[in-house]
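The values are calculated or read from the model by the stated rules, or taken from the named source; none is laboratory data. Note that this is a predicted model, so its numbers are computed, not measured. FYI the Cβ positions are ideal-geometry reconstructions off the backbone, even for glycines, and counts take in every protein chain you see. Side chains are part of the model used for accessible areas, which takes the heavy atoms of the whole protein and leaves out ligands, DNA and RNA. Shrake-Rupley method; radii C 1.70, N 1.55, O 1.52, S 1.80 Å.
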Amino acid sequence: MAYTVQERGPSNSLDSRLFFRDASGRVVSPFHDIPLFADKAQGVLNMVCEVPRWTNAKMEIATKDPMNPIKQDVKKGNLRFVANCFPYKGYIWNYGAFPQTWEDPSHTDEHTKCTGDNDPLDVCEIGTTVASRGEVKQVKVLGVLAMIDEGETDWKIIAIDVKDPMAEKLNDIQDVDTHMPGFLTATRQWFRIYKVPDGKPFNVFAFDGEFKNRAFAMDLVQKIHEQWQRLVTKKVESGGLSCMNTTVEGSTYGSTAEEASAAVTKFAEPSQGEALPPHVGNWSFVKDA
């Protein structure tokens with residue numbers, strides 16, 4: 001199914017939002033309504049792109065807002081941008097999330113011994129094309145990196161668009177090292193240092209920073225999908241998350257088309273906001289520990 005996005009509010013502002021509609025024009029949640037699997041038999045999954053490659057704005061699915069639009073993260077009242085940690089410019093992949101997944105903060109992972117981060121499962125799409133914000137890509141999973149972020153498990157799935165020219169060559173995590181030498185090392189280093197310019201410590205990783213393979217990652221995706229299923233059927237408390245949806249069968253949070261549309265129209269029509277702050281283009285130099 002094709003999805004379109006609808007901008008609301010002034011760009012580059014606290015009130016900027018990106019809502020989703022399905023092919024019928026119905027407002028849908030990218031957290032709950034877009035299916036995880038585009039083709040389960042072939043192992044093809046839907047990925048929602050939150051941050052296109054080379055950009056800096058830390059955009060994310062707003063898990064606590066009705067219909068879960070994409071919005072920019074805020075820190076101390078200001079829009080949040082990731083630093084350009086030399087030699088990396090912004091995000092080095094198309095970054096986003098798998099719909100219909102949720103890392104349960106009450107669940108302690110058997111491998112990392114840490115709880116989930118209360119968000120959808122993060123995805124780094126490593127293909128050649130720069131995605132657009134809100135684009136729903138069909139991807140295949142290659143592997144996963146287990147980052148520990150301030151005591152919480154924050155899995156990073158490595159995937160590639162199935163239409164990408166490299167997709168035929170990349171079928172498991174070792175193929176990335178073969179055909180894209182240095183890329184996995186750069187990915188691990190990016191996640192290790194990206195918060196340091198903001199005064200945070202270096203991130204650490206489970207498995208001594210080893211990327212786990214496709215089989216491990218697909219098993220993980222299924223488990224985190226099942227955690228989401230418990231969330232939308234009220235088997236666990238939502239804890240402030242918005243589970244409002246318009247299509248999920250068996251969900252006790254189902255909403256009418258009118259209720260979903262009201263979540264959109266509470267925000268102003270789209271308009272040109274302020275320019276990006278000048279510091280967004282600056283380099284940050286991080287001395288590794």
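Helix-only mean residue ellipticity at 222 nm, the chain, DSSP H runs n ≥ 4 weighted -39,500 (n - 2.57), per residue, nearest 500. What is it?
Counting only the DSSP helices, I get -5000 deg cm²/dmol.
Please check the chain for the longest run free of trypsin sites (Lys or Arg not before Pro) that are loop-located per DSSP (anything but H, G, I, E, B) and have at most 13 other Cβ atoms within 10 Å.
Excluding the exposed sites themselves, the longest stretch runs over 170-233.
Could you tell me the accessible area of Ser238 in Å² (1.4 Å probe, neighbours in place), rounded to the nearest ten?
About 30 Å², ignoring ligands and nucleic acids.
Give the relative contact order (percent, whole number) for the chain; include only Cα pairs under 8 Å separated by 6+ residues.
23
Between [x] 105, 49, 31; [y] 51, 46, 38; [z] 70, 45, 39, which matches Cα extents along the principal axes in Å calculated for the structure shown?
Identified label for the calculated read-out: [y].
Taking segment 65-162, how many lysine pairs are there with alpha carbons less than 23 Å apart, if each pair must be eight or more places apart or span two chains?
10
Can you list which of the DSSP-assigned H helices in the chain have a Cα extent of 18 Å or more along the long axis and an average Kyte-Doolittle score of at least -1.0?
Details: long enough: 214-232 (27 Å, -0.30).
For the chain, where a helix must reach 18 Å along its axis and average at least -1.0, the hits are 214-232.
Tell me, what % of the accessible area of the chain is carbon and sulfur with a 1.4 angstrom probe?
50
Can you bin segment 1-149 into rounded, prolate or oblate? Criterion: square roots of the alpha carbon gyration tensor eigenvalues sorted a ≥ b ≥ c, rounded for a/c under 1.5, prolate for a/b above b/c, oblate for the rest.
Values: a/c = 1.26, a/b = 1.03, b/c = 1.22.
Taking the square roots of the gyration eigenvalues as a ≥ b ≥ c, segment 1-149 is rounded.
Karplus couplings for segment 136-147 from phi (6.51 cos²θ - 1.76 cosθ + 1.60, θ = phi - 60°), rounded to Hz, Gly and Pro as x?
With coefficients 6.51, -1.76 and 1.60, one gets 9, 9, 9, 10, 10, 7, 10, x, 7, 10, 9, 8 Hz.
Residues of segment 204-289: accessible area per residue at 1.4 Å, in Å²?
62
For labels at Lys75 and Val44 in the simple 7 Å Cα→Cβ model, what's the distance in nm?
So the label points at Lys75 and Val44 sit 3.8 nm apart.
Count the DSSP beta bridges whose two residues both fall in the chain, then state the antiparallel fraction as a percent rounded to the nearest 5.
Rounded to the nearest five, the antiparallel share is 80 percent.
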